[in-house]
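This report refers to the structure that appears directly beneath it.
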Amino acid sequence: MMSLGLRYKNNEHILEEKIVKGVPYLSYPMLENTGIVKHGFSTRLGGVSTGHCATMNISTTRGDDPDAVEENKRRIAAAIGVKAEDFTYTFQTHTTNVAAVEESDRGKQFMETDGLVTNVPGICLVTFYADCVPLFFVDPVHRAIGLSHSGWKGTVHKMGKVTVERMREKFGTDPSQVVAAIGPSICQECYEVSEDVIEQFRENFRKELWEELFYRKENGKYQLDLWRANRAVLMEAGIAGERIAVTNVCTHCNPDILFSHRSTGTDRGNLSAFLALR
Ligand SMILES: [Zn+2]
C-alpha cells in the first residue's frame, strides 16, 4: 500500500491513509465501522492550489485562487464519495456556537459558528483546521452526526460537550451510544502555551487531570495536551473512553503533508474535516 510518509506518535491503527482518485485523505476505522457515515480529513496533497495554499485547500479565507478552490472541492468530494454541492460549512471564530443543519441549509456557510449537527442524509458537514482539534460525533441509534472545531479556547469552554448536548436536544442522542473521533491536530510536544492559557485550564478542568494535561518547563511556559483535554471533555459529556478514537498524527510534526499554523503562521491553506450521513 502507498504511504503518504506521515509521522505517527505511536503504532496503533487509529487512522487510515487513503488515496482515492489520486486524492489522499485520512479516515477513522472506528467511524467507518458504524456503517452510516462517509467522512475524511484532508491533507495538503492531491489539489491544484499553488504557493502557500499548495495544493489541497478548500477554504475561501486564505487568499487562494477561487477556481483552484472549486476544483479542489470537486476532487476531495469525489475521493470521499460525497457531493461538493452538499458541503455545508462553518465560519469559525473560536466560539462554542453549534448550528443544527436542516435540509434547507444544504450548501450554506454558518457565520460565527464552530460546530454543526444534523440528521439529514447526504448533507456533508465541513470544518477547517491548521493545528486546532477536529471533533467527529456519530450517533448510530438516532442516525445523527456532529462535527466541531476545538482550539484551546473551544477546549476550555468544552466545545465537545456543547456539541453532544446539542445532539441530545435536537435528536435525542444518548451520549453513551455515541462514537467519537479526535482528529489530526497539534501534539503536546509541539504545543507550548503561556501561564494565562493554563490558568483557564485550571479553572475549567478538575485538579486530578492537570498532571495529565500539561506540564511546566524551566522557561515558565507549559506544554499542553489538547488531545487528552478533549478526550476528558468527551468523557465528561458521557461518551465511553473506548468509543473515542484519539489521533496519533500531529499537524505540526508533519508540515509537508498537513497545514500547521505553528509551522507557517497565517501564510497557509486550511485542512478540512468532512462528515456526512449516508
Ligand atoms: Zn507534534
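The values are calculated or read from the model by the stated rules, or taken from the named source; none is laboratory data. Please read these numbers as outputs of a predicted model, since none were measured by experiment. Methodologically, a virtual Cβ is constructed for each residue, glycine included, from the backbone with ideal geometry; neighbour enumeration extends over all protein chains shown. These area figures cover heavy atoms from the full protein model, side chains too; ligands, DNA and RNA do not enter into them. Shrake-Rupley method; radii C 1.70, N 1.55, O 1.52, S 1.80 Å.
Could you tell me whether Ser150 is more than 16 Å from the ligand (Cβ to nearest atom), at pLDDT 95 or above and over 22 Å from Gly241 (Cβ atoms)? Judged against the criteria, Ser150 is not a match.
For the stretch 240-253, name all the residues that are over 14 Å from Tyr191 (Cα atoms) and either within 17 Å of the chain's Cα centre (by Cα) or within 16 Å of the ligand (Cβ to nearest atom) (or both). Residues satisfying the conditions are Arg243, Ile244, Ala245, Val246, Thr247, Asn248.
Contact annotation: no residue pair with Cβ atoms under 9 Å, 6 or more positions apart or on different chains, pairs a residue in the stretch 18-38 that is without any contact (Cβ under 8 Å) to a residue 12 or more places away in the chain and under 12 Å from Ala273 (Cβ atoms) with a partner that is open to solvent by less than 20 Å² (accessible area, probe 1.4 Å) and among the β-branched types (Val, Ile, Thr). Taken over the stretch 114-129, the criterion of being of a type outside the set (A, V, I, L, M, F, W, C) and open to solvent by 10 Å² or more (accessible area, probe 1.4 Å) is satisfied by Asn119, Pro121, Gly122. Restricting attention to the stretch 168-194, the residues that are open to solvent by less than 10 Å² (accessible area, probe 1.4 Å) and either under 14 Å from Val246 (Cα atoms) or within 10 Å of the ligand (Cβ to nearest atom) (or both) total 8.
Looking at Arg7, Arg44 in this structure, which one is over 23 Å from Ala180 (Cα atoms) and not acidic (Asp, Glu)? Give the derivation first.
Working: Arg7 fails: over 23 Å from Ala180 (Cα atoms).
Of the residues listed, the single one that is over 23 Å from Ala180 (Cα atoms) and not acidic (Asp, Glu) is Arg44.
Beta carbons closer than 6 Å, at least 6 apart along the sequence or on distinct chains, pair a first residue in the stretch 253-278 that is in contact (Cβ under 8 Å) with a residue 24 or more places away in the chain with a second that is part of a helix (DSSP H, G or I) for Asp267/His52; Arg268/His52; Gly269/Cys53; Phe274/Ile80. Out of curiosity, is Leu277 within 16 Å of the ligand (Cβ to nearest atom) and of a type outside the set (S, T, N, Q)? No: the conditions fail for Leu277. Among the residues of the stretch 73-80, not a single one is surrounded by fewer than 18 Cβ atoms within 10 Å (Cβ to Cβ) and within 30 Å of Lys153 (Cβ to Cβ).
Of everything in the stretch 130-148 that is assigned to a loop (DSSP other than H, G, I, E, B) and more than 19 Å from His94 (Cα to Cα), the residue that is least open to solvent (accessible area, probe 1.4 Å) is Pro140. Taking (1) closer than 18 Å to Leu15 by Cα; (2) under 18 Å from the mean Cα position of the chain (by Cα) in turn, Gly35 satisfies each apart from (2). Leu209 versus (1) away from the ligand (no atom under 14 Å from the Cβ); (2) exposed (fewer than 13 other Cβ atoms within 10 Å of the Cβ): which is the lone unmet condition? Single failed check for Leu209: (2). Restricting Asp225, Asp267 to those that are of a type in the set (D, E, K, R) and within 16 Å of the ligand (Cβ to nearest atom) reduces the list to Asp225.
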